[in-house]
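One structure is given below, encoded as structure tokens.
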Amino acid sequence: MNLTERKYFVNNLTKVYTDISGFRIKLFEKLSFNILESGVTVLLAPKGSGKSTLLKIISGLEKPTEGSVKLDGTIHFIPSKGNSFPWMNVKENLLFGLNEKDNNKINEIISFVGLDGYESHIPHNKSRGFRFRIELGRSLIRKPKFIVIDEPFDNVDSKTKIDLIKLIRKITEKGISIILTSSNITEALFACDKLILLSAPPSSILDQIDNNLSSERDDNIFESVEFVEKKKYIESKFDYVLSGSEFLLTI
Amino acid sequence: MTHEDLNTNKSRVIFFSRLISVLIFIYILLFEFILLPNQFLPKPTILIESFLSLFSDYNFRYALLHTTSIIYAVIFLLYWMYRFLNSVTIKFSSLIPFKLNYTSYAVIFAPLFFSFWLDIPLWGEVLYVFIVVDFQFFKTIHNSLRDIKPEYIIASKSLEISQKDAETTIIWNLLKPEIFKSYKQINITTWMSVILFEYFTALDGTGSVLTSLVLYHDFSGIIAFMIVITLLIFVANLVIGYLHKKFADWEQ
């Protein structure tokens, strides 16, 4: 995979908000980083460090206090909790809001996200993994250049998590850039081509790591020397921000 | 609904059917054959006569038709009114920055005031039922709007769905299960409130039959009246439960 760096995607981004008690809280300050073209960029940070806000700003759904985001294509945002419409079946969810309905394309995407045979199933009472596949399909059918995903693997079991990461990596082969957040070192390292480590609020960039593990990720990678060493390095980077923050270390 | 839920419901129905059968048996045994005539409960044979008398002497059939039509026509009308004026409701609701936590049972006291102000046959009652149902219905809609997960709104913005489509399709469909859930409560409290309203105004409807029953000290008639109304509310709640499963059986 060609992992050529695009251009500055996020430039000197700062977000300050006033909380319910009237205190001004700086969520992050002067964040600048590039994202990969046709790759997975993961923002790794403790919970509560403003990752969701950062993604909303990147997606154009929220305005930064300072700084800018440079984009050159359609961007689609998938929020952290399930948001597939529970009264519509899989196919209706994918089609909702679309003017052009190309059946072949729809079937191709349903099959791509692994929902073949489930077209008429409704997401209500289905697993988070199932709903996430619908949300991915709903994004793909809109032919985005970037898909921004907030904490996609929360409340997902390990087996499904690995399957979803493989699916996300397969999407990048279509020339789509994926930006996602995680607070789990192992899953972030397993998923990413590029890792951006953010500190606890006010967040700043601790490090940016190019992940040169094989692009074909399988379960054996967890035991590889390279993976274990990278994981240790990241843990060491987070040593001083871990106190007081929930930080998950297992997949 | 899962198999476990279905089994739990089935066992609940079986349990209550058995309990009611046992209570009816005890009632017949005690009040028909063992106890002397008393002021506590009427004899079962007299109660059966009272049921027949309710319909033949008190014109209960017309009264039931009158009250039932008004209550359910207003509920139906309000549902569609909120459906079509969803955008207005959302805007109005956003002006109230907190959840409404008044109890729906408050409407039971409403007849104390409204029965004097709305002492007009038919339209006065229609207006009263409208106020009573809306008082409860708006609370459900307002509180449910505040409970909608922001992820749905963010997702709809990201999907570039128009504000109008988001309000009429997404938000309304997310509200629907809560509306159907609240209907059971609304059904009970509205019936209680409307019977009291009709009782005080004594113009028309089931409550006016109660006025006559009280006037004639027809104790067994009052018991028969209560049984019919309870059964009616129970059946209506079964229908509401069925409609909920058929049209809004999902959660966010």
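In the range A:78-97, which residues are at the interface with chain B (Cβ under 8 Å from one of its Cβ atoms) and small (Gly, Ala, Ser)? Step through it out loud before you land on a result.
Our first condition is that a residue be at the interface with chain B (Cβ under 8 Å from one of its Cβ atoms); within the range A:78-97, this holds for A:78-83, A:85-87, A:96-97.
Scanning the range A:78-97 gives A:Ser80, A:Gly82, A:Gly97.
Check A:Glu151 against each of (1) in contact with a strand residue (DSSP E or B) (Cβ under 6 Å, 6 or more places away or on another chain); (2) more than 14 Å from chain B (Cβ to nearest Cβ) and name the one condition it does not meet.
Of the numbered conditions (1) in contact with a strand residue (DSSP E or B) (Cβ under 6 Å, 6 or more places away or on another chain); (2) more than 14 Å from chain B (Cβ to nearest Cβ), the odd one out for A:Glu151 is (2).
Taking the range A:17-63, which residues are in a strand (DSSP E or B) and closer than 14 Å to A:Ile147 by Cα? Quick ask: steps written out before the conclusion?
In the first step, residues of the range A:17-63 are kept if they are in a strand (DSSP E or B); the result is A:17-18, A:24-36, A:40-44.
Answer for the range A:17-63, where residues must be in a strand (DSSP E or B) and closer than 14 Å to A:Ile147 by Cα: A:Ile35, A:Leu36, A:Val40, A:Thr41, A:Val42, A:Leu43.
Go through the range B:22-78 and report how many residues are under 15 Å from B:Ser212 (Cβ atoms) and surrounded by 12 or more Cβ atoms within 10 Å (Cβ to Cβ).
As a first pass, look at the range B:22-78 and keep what is under 15 Å from B:Ser212 (Cβ atoms): B:50, B:53-64, B:66-67.
Those left that are additionally surrounded by 12 or more Cβ atoms within 10 Å (Cβ to Cβ): B:50, B:53-55, B:57-60, B:62-64, B:66-67.
Number of matching residues: 13.
Going residue by residue through the range A:155-168, is there one that turns out to be within 18 Å of the chain's Cα centre (by Cα), within 14 Å of another protein chain (Cβ to nearest Cβ) and not acidic (Asp, Glu)?
yes
Could you please give the count of residues in the range A:125-152 that are surrounded by fewer than 22 Cβ atoms within 10 Å (Cβ to Cβ), of a type in the set (Gly, Ala, Ser) and part of a helix (DSSP H, G or I)?
1
Conditions (1) part of a loop (DSSP other than H, G, I, E, B); (2) surrounded by fewer than 19 Cβ atoms within 10 Å (Cβ to Cβ); (3) not assigned by TED's automatic domain parsing to the domain that holds A:Ser177, marked per residue:
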site: A:Phe77; (1), (2), (3): no, no, yes
site: A:Glu108; (1), (2), (3): no, yes, yes
site: A:Asp116; (1), (2), (3): yes, yes, yes
site: A:Pro123; (1), (2), (3): yes, no, yes
site: A:Asp154; (1), (2), (3): yes, yes, no
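Residues to consider are A:Asn93, A:Asn89, A:Asn107, A:Asn99; find the one that is closer than 22 Å to B:Leu159 by Cβ and in contact with a His (Cβ under 9 Å, 6 or more places away or on another chain). Steps first, answer last, please.
Numbers: A:Asn93 fails: in contact with a His (Cβ under 9 Å, 6 or more places away or on another chain); A:Asn107 fails: in contact with a His (Cβ under 9 Å, 6 or more places away or on another chain); A:Asn99 fails: in contact with a His (Cβ under 9 Å, 6 or more places away or on another chain).
From the options A:Asn93, A:Asn89, A:Asn107, A:Asn99, the qualifying one is A:Asn89.
Tell me which residues, restricted to the range B:72-127, are at pLDDT below 85 and closer than 16 Å to B:Ser182 by Cβ. Let's see the steps before the verdict.
Residues of the range B:72-127 at pLDDT below 85: B:101-122.
Once the filter is applied, which keeps residues that are at pLDDT below 85 and closer than 16 Å to B:Ser182 by Cβ, the range B:72-127 yields B:Asn101, B:Tyr102, B:Thr103, B:Ser104, B:Tyr105, B:Ala106, B:Val107.
Between B:Glu178, B:Glu151, which is of a type in the set (D, E, K, R), part of a helix (DSSP H, G or I), without any contact (Cβ under 8 Å) to a residue 12 or more places away in the chain and within 14 Å of chain A (Cβ to nearest Cβ)? Steps first, answer last, please.
Numbers: B:Glu178 fails: without any contact (Cβ under 8 Å) to a residue 12 or more places away in the chain.
That would be B:Glu151, the only listed residue that is of a type in the set (D, E, K, R), part of a helix (DSSP H, G or I), without any contact (Cβ under 8 Å) to a residue 12 or more places away in the chain and within 14 Å of chain A (Cβ to nearest Cβ).
The values are calculated or read from the model by the stated rules, or taken from the named source; none is laboratory data. All values derive from a computational prediction rather than experimental measurement. Quick reminder, even Gly has a Cβ in these numbers, built from the backbone with ideal geometry, and neighbours come from all protein chains shown.
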